[in-house]
1. Under 18 Å from a label point 7 Å along Cα→Cβ of Ser206: give me every residue in segment 57-91 with its amide N that close.
2. Rank these by accessible area, largest first, 1.4 Å probe: His397, His13.
3. With every protein chain in place, what's the accessible area of Arg346 (1.4 Å probe, Å², nearest 10)?
4. Heavy atoms of the protein only, probe of 1.4 Å, neighbouring chains included. What is the accessible area of Glu233 in Å², nearest 10?
5. Arrange the residues Arg118, Arg187 by how much accessible surface each exposes, largest first, with a 1.4 angstrom probe.
6. Mean 1/r over all different Cα pairs, inverted: what Kirkwood radius does segment 166-232 give, in Å?
7. Under 18 Å from a label point 7 Å along Cα→Cβ of Val239: give me every residue in segment 148-178 with its amide N that close.
8. Would you work out the relative contact order for segment 151-216, in percent, from Cα pairs under 8 angstrom that are 6 or more residues apart?
Amino acid sequence: MTEQLEHLIVSVHGIRTFGDWQNRLMKLTQAKNKEVEFQNYQYGYFSLLAFIFPLTRWLVVRRFRRELLRLVAVKNPKRLDLVGHSFGTHIIAWSLHSLRARTDLRVHTLILAGSVLRSDFYWGELIPSVVGRVINDCGSRDTVLLASQFLVLFTGMAGRTGFVGMNGPEFVNRYFEFGHSGYFQDRNRKPNSYMEDRWLPLLLSSDRPIYFDERTAPSPLEGIGIWLTNNFEPIKLAVAISPLLAALLYVGALYVRSEAATEKIAAVASLAKSLKYTHELDGDRLLDTIEHGLGAGLQRTAVLWLDDHPEWNELERNDLTRFGLCFALARSTQEALSYLQANPGRFAVIISDFKREDDPKQGYGMLDELKSRDLHIPLIFYVADHTDAQAKDAVRHGARAEVNDPIELLSEVVRALPSEAKEPGRIELLEQKVVGCRWMWRESR
């Protein structure tokens with residue numbers, strides 16, 4: 001059976017140091033009580049760069065947790081105290097947090113100094129089940145912790161402003177007028193008596209901790225600065241993930257752009273093949289159509305389709321969608337005009353049938369409305385059948401063309417698209433991919 005140790009103290013130093021203060025604290029403690037065993041946890045020189053990355057911090061926490069459990073199992077102390085400074089407070093707190101469900105670990109006193117933990121670290125999960133009492137000593141002039149608060153993700157400056165929570169015998173924040181190393185040395189960098197005066201009474205007894213607060217009341221402006229500093233985490237998180245977000249946007253936009261370009265080329269090839277086998281092949285017209293199809297921008301283009309039976313044109317719309325077109329469907333002239341009024345300058349082309357039941361402005365009514373409003377939007381009539389005379393008459397009235405064949409429709413619409421369309425940005429491309437077409441216009445009123 002393992003012999004039970006009476007009292008064990010474990011200390012953990014901070015970054016960019018080898019923890020000289022640990023040996024001093026050990027000598028001070030054992031000068032008062034030689035029966036106290038000291039274990040100074042050393043993890044080597046931990047650079048600022050390593051401190052910035054959460055993964056390297058997690059590895060150190062994991063290693064200390066394993067060592068602490070081994071030490072407790074071997075020594076079996078009746079009383080276990082922990083002392084941590086700076087990054088050492090992070091190591092201790094998160095190790096205990098991960099061990100909070102264990103029943104074989106009990107810390108009598110935990111002293112934190114210059115803590116890099118966030119002020120909202122929740123000690124309620126550890127007190128009193130894992131830790132008997134927590135004393136958090138703070139340096140109100142600790143500028144090193146400002147760097148932790150502003151620059152290092154998931155850390156804070158509880159060693160400057162204190163932890164949020166109830167203060168009492170089991171948990172107390174104490175404030176002193178010095179900086180990050182004021183617990184170990186004076187302003188001239190010479191060893192001071194702080195540890196002997198403030199920590200030994202806690203480590204060598206169970207007396208109630210003495211509360212100190214040497215701060216002065218902040219001015220209103222200083223109070224605002226303190227509040228902004230304490231709530232800087234969302235900004236810090238946004239800055240930290242912005243490079244990753246930018247990379248994801250860039251890669252995603254490249255994928256969407258490539259997919260859209262591939263789809264457009266396939267659509268142009270399909271259209272060219274279809275035109276090739278029409279009974280009247282116009283070489284110049286074929287080349288012109290291909291040129292317009294390839295020159296169409298990758299952005300979505302809004303097209304207004306006026307037809308009282310839109311379900312009859314679903315296949316044609318599917319083909320045109322491959323060119324990046326989005327369709328707003330109107331069943332009457334009045335509804336089409338409502339779309340135009342709610343979305344000025346939005347629609348690049350209008351496709352319309354000629355006859356519509358219960359529409360007093362069927363036929364050339366839509367063209368007349370466009371003229372009266374001085375709207376120069378190409379309109380293509382798409383009808384079931386027509387004569388050459390009727391097609392010419394439609395052009396005389398202001399239509400771009402009148403067609404009755406899906407291939408002819410595809411050709412006319414592609415050639416009517418803006419020749420110098422603005423290329424969409426990366427965010428716009430992703431928005432087009434995720435949201436689809438409905439974002440392009442407001443519904444008719």
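The values are calculated or read from the model by the stated rules, or taken from the named source; none is laboratory data. Quick caveat, the model's predicted, so the values are computed rather than measured. Cβ coordinates were reconstructed from backbone atoms using ideal geometry, including for glycine residues, and neighbour counts include every protein chain displayed. Surface areas here come from the heavy atoms of the whole protein model, side chains and all, with no ligands, DNA or RNA. Shrake-Rupley method; radii C 1.70, N 1.55, O 1.52, S 1.80 Å.
1. 77-82
2. Per-residue accessible area, sorted high to low, gives His397, His13.
3. About 110 Å², ignoring ligands and nucleic acids.
4. Spelled out: Glu233, probe radius 1.4 Å, area about 30 Å².
5. Accessible-area ranking of Arg118, Arg187, largest first: Arg187, Arg118.
6. Taking every pair of different Cα atoms in segment 166-232, averaging 1/r and inverting gives 14.4 Å.
7. Residues 148-158 qualify, since their backbone N sits under 18 Å from the label point.
8. 34 percent
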